[in-house]
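**Q** One structure, pasted below without further comment.
Quick note: the coordinates plus some simple rules give every number you see, no bench work behind them. Predicted model, so just to flag it, every value in this text is computed and none were measured. No Cβ is skipped: glycine too gets one built from the backbone with ideal geometry, and neighbour counts run over all protein chains shown.
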Amino acid sequence: MTDLDGNTAADGAARWAPGEHILWRYRENAGRRFHICRPVTVVRDSPDLLAVWMAPGTELMKPVIADGTPVHREPLATRYTKPRAVRRDHWSGTGVLKLARPAEPWSVWLFWEADWTFKNWYVNLEEPRTRWDGGVDSEDHFLDISVRPDRSWRWHDEDEFAQALRVGLMGAGKAADVRAAGRDALDVIDAWGAPFSDGWQHWRPDPSWVVPSLPDDWDRTPAHVSS
């Protein structure tokens with residue numbers, strides 16, 4: 001991992017160069033196994049921002065109910081208590097640009113229509129990401145916020161957030177921290193701070209980039225991690 005000049009960055013963290021392939025992973029809640037893995041292409045990796053592109057058709061790993069039922073189709077009452085498995089699949093939508101600032105308990109995702117009409121930003125509340133030589137790892141916190149081009153916003157998945165609390169996937173203290181993180185994100189949105197004000201909606205991927213592959217050892221345990 002090197003910066004654009006092939007050196008370690010000034011803050012001591014090694015940097016990925018644009019075009020490199022890494023893994024964006026999430027651990028299961030109240031567990032240590034990885035249950036989501038998305039190969040992505042690095043757009044920018046600087047001390048204050050990691051930007052990656054998940055291309056349409058990307059092969060990935062995702063959780064399912066053990067009988068194969070998609071998680072979102074399982075009734076909420078049993079969605080987080082039934083046994084689960086993971087399976088290979090492909091990202092079926094248009095590409096997603098993911099932006100993450102170090103130590104922030106959320107990442108911001110950008111979505112477009114098929115003709116590149118900008119659709120929305122999506123604030124994914126999550127554990128601050130840890131870096132390792134193959135990518136970044138986090139844990140999803142259920143609650144999310146979408147932001148439309150006119151800067152209006154709304155909460156998402158409040159029912160899932162409440163259910164995760166009820167079944168013990170998250171304690172009351174952690175839930176309060178997540179709510180506070182959401183309010184902090186809303187402060188950034190209301191002030192129209194970075195990354196919303198940075199013009200990323202006009203970004204386009206390099207047409208020479210290939211779709212990264214999903215490695216067989218996608219769930220490997222990192223030898224060294226950093227924030």
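**Q** Against the 2.2 N^0.38 Å scaling, with N counting residues, where does segment 93-227 land? I'd like the Cα-based Rg ratio to two decimal places.
**A** Values: Rg = 16.3 Å, N = 135, 2.2 N^0.38 = 14.2 Å.
Normalised Rg, Cα atoms only: 1.15.
**Q** A follow-up question, please. Net charge near residue 193: determine it from the other residues with C-beta under 15 Å of the C-beta of residue 193, scoring Lys and Arg +1 and Asp and Glu -1.
**A** Working: positive: 101, 151, 183; negative: 48, 104, 184, 187, 190, 198.
My count for the surroundings of residue 193 gives -3.
**Q** For residue 82, go through the lysines and keep the ones whose alpha-carbon is under 17 Å away, minus same-chain ones fewer than eight residues off.
**A** Result set, ordered by chain and number: 62.
**Q** To continue, here is another question. Through the Karplus equation 6.51 cos²θ - 1.76 cosθ + 1.60, θ set to phi - 60°, convert the phi angles of segment 88-94 into ³J(HN,Hα) values in whole Hz; use x for Gly and Pro.
**A** After applying 6.51 cos²θ - 1.76 cosθ + 1.60, I find 6, 8, 10, 5, 9, x, 5 Hz.
**Q** With a cap of 13 neighbouring Cβ atoms within 10 Å, and only residues DSSP puts in a loop, list the GluC sites (Glu not before Pro) found in segment 99-194. Walk me through the numbers before you get to the answer.
**A** Values: sites: 113, 126, 139, 158, 160; in loops: 113.
Sparse-neighbourhood loop GluC sites (Glu not before Pro): 113.
**Q** Separate question: Find which of 110, 141, 152 sits farthest along the positive direction of the dipole of segment 107-156, computed with +1 on the beta-carbon of Lys and Arg, -1 on that of Asp and Glu, about the Cα centre.
**A** Farthest along the dipole direction, towards plus: 152.
**Q** What net charge is computed for the residues neighbouring residue 90, neighbours being all others with C-beta under 12 Å from the C-beta of residue 90, Lys and Arg scored +1, Asp and Glu -1? The partial results should precede the final answer.
**A** Numbers: positive: 38, 62, 87, 88; negative: 59, 89.
Cβ neighbours under 12 Å give a net charge of +2.
**Q** Once the other residues with Cβ under 14 Å from the Cβ of residue 75 are scored (Lys, Arg +1; Asp, Glu -1), what is the net sum?
**A** Working: positive: 73, 79, 82, 166; negative: 67, 74, 159, 160.
For residues surrounding residue 75, the net value is 0.
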